[in-house]
1. Can you name the residue in segment 132-191 that is touching a helix residue (DSSP H, G or I) at 6+ places or on another chain (Cβ under 7 Å) and part of a loop (DSSP other than H, G, I, E, B) and, of all such residues, is surrounded by the most Cβ atoms within 10 Å (Cβ to Cβ)?
2. Please find, among L37, L19, L30, the residue that is over 22 Å from D150 (Cα atoms) and open to solvent by less than 30 Å² (accessible area, probe 1.4 Å).
3. Of the conditions (1) surrounded by fewer than 20 Cβ atoms within 10 Å (Cβ to Cβ); (2) without any contact (Cβ under 8 Å) to a residue 40 or more places away in the chain, S123 fails just one. Which one is it?
4. Would you say Y51 is closer than 22 Å to G2 by Cβ, hydroxyl-bearing (S, T, Y) and open to solvent by 30 Å² or more (accessible area, probe 1.4 Å)?
5. Checking the condition under 20 Å from the mean Cα position of the chain (by Cα), open to solvent by 40 Å² or more (accessible area, probe 1.4 Å) and without any contact (Cβ under 8 Å) to a residue 24 or more places away in the chain, which residue from N25, N85, N74 passes?
6. Against the condition farther than 17 Å from M99 by Cβ, modelled with pLDDT of 95 or more and within 18 Å of the chain's Cα centre (by Cα), how does Y166 come out, does it pass?
7. Can you confirm whether segment 115-130 contains a residue that is modelled with pLDDT of 95 or more, among the charged types (D, E, K, R) and within 15 Å of the chain's Cα centre (by Cα)?
Amino acid sequence: NGITTDSHDFQILPNGHFLFHKYKNVIMNLSAYAWFLPAGTHGSSSATVKYNVIQELDASKNVVFEWHAKDYFNFPDVDSVWLSNPVNVDWTHSNAVEMDDDGNILLSSRHFNEITKINRTDSSIIWRMGGVQNQFTFLNDTTPFYGQHDIRRIDNGNVTLFDNGYRILNAPYHASRALEYQLDEVNKTAS
């Protein structure tokens, strides 16, 4: 459907639909952001910025849902540690998509250090967990997840993810780990 499929994730849903993780490029003026390497380098005024797209296709390959990260995220949501090239920018680096039990969508965006829940009816963001826009209180985990992958809702209702711990100059912020969170999505707590 004219949008490049990303190799990170793809799901066949119980109803025979397909949930795709995809990406597109957009030109952005990033000259206000001195977040690139070498340290303090400003972004290009005409940077090519790669962002996430989610598509759901029915069994006949018709698009029944489409969501573009650029319409819901702001550039400063990125963790600048992931930015190196001021001209060609891998902005969201989303890497997992999951149809949640309530019919909405969970998205893992590695370069935001964030899990986002997206309303499948109107495309709005329901909540954001982790990263600079975090809305959750972590009750018994003082170590934030970084560069995560593989958000999944499991049978007991909890969510799991792989916390990369990520590396800066070959030194980890913390060891990689597998996490399972019990979420209170009303009061926005994670334990």
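1. Q148
2. Values: L37 fails: open to solvent by less than 30 Å² (accessible area, probe 1.4 Å); L19 fails: over 22 Å from D150 (Cα atoms).
Just a single option satisfies the conditions, and that option is L30.
3. (2)
4. Values: closer than 22 Å to G2 by Cβ: yes; hydroxyl-bearing (S, T, Y): yes; open to solvent by 30 Å² or more (accessible area, probe 1.4 Å): no.
Against the criterion (closer than 22 Å to G2 by Cβ, hydroxyl-bearing (S, T, Y) and open to solvent by 30 Å² or more (accessible area, probe 1.4 Å)), Y51 does not qualify.
5. N74
6. Working: farther than 17 Å from M99 by Cβ: yes; modelled with pLDDT of 95 or more: no; within 18 Å of the chain's Cα centre (by Cα): yes.
Here the answer is no, as Y166 does not meet what is asked.
7. Taking segment 115-130 first, the residues modelled with pLDDT of 95 or more are 115-130.
With among the charged types (D, E, K, R) added as a condition, the list becomes 117, 120, 122, 128.
With the extra rule that they be within 15 Å of the chain's Cα centre (by Cα), the set shrinks to 117, 128.
Yes, because at least one residue in segment 115-130 is modelled with pLDDT of 95 or more, among the charged types (D, E, K, R) and within 15 Å of the chain's Cα centre (by Cα).
The values are calculated or read from the model by the stated rules, or taken from the named source; none is laboratory data. Because the structure is predicted, anything quoted here is derived from the model rather than measured. When we count neighbours, we look across all protein chains shown, and the Cβ atoms used for this are built from the backbone with ideal geometry, even at glycine. Quick note on the areas: whole protein, heavy atoms, side chains included, nothing else; ligands and nucleic acids left out. Shrake-Rupley method; radii C 1.70, N 1.55, O 1.52, S 1.80 Å.
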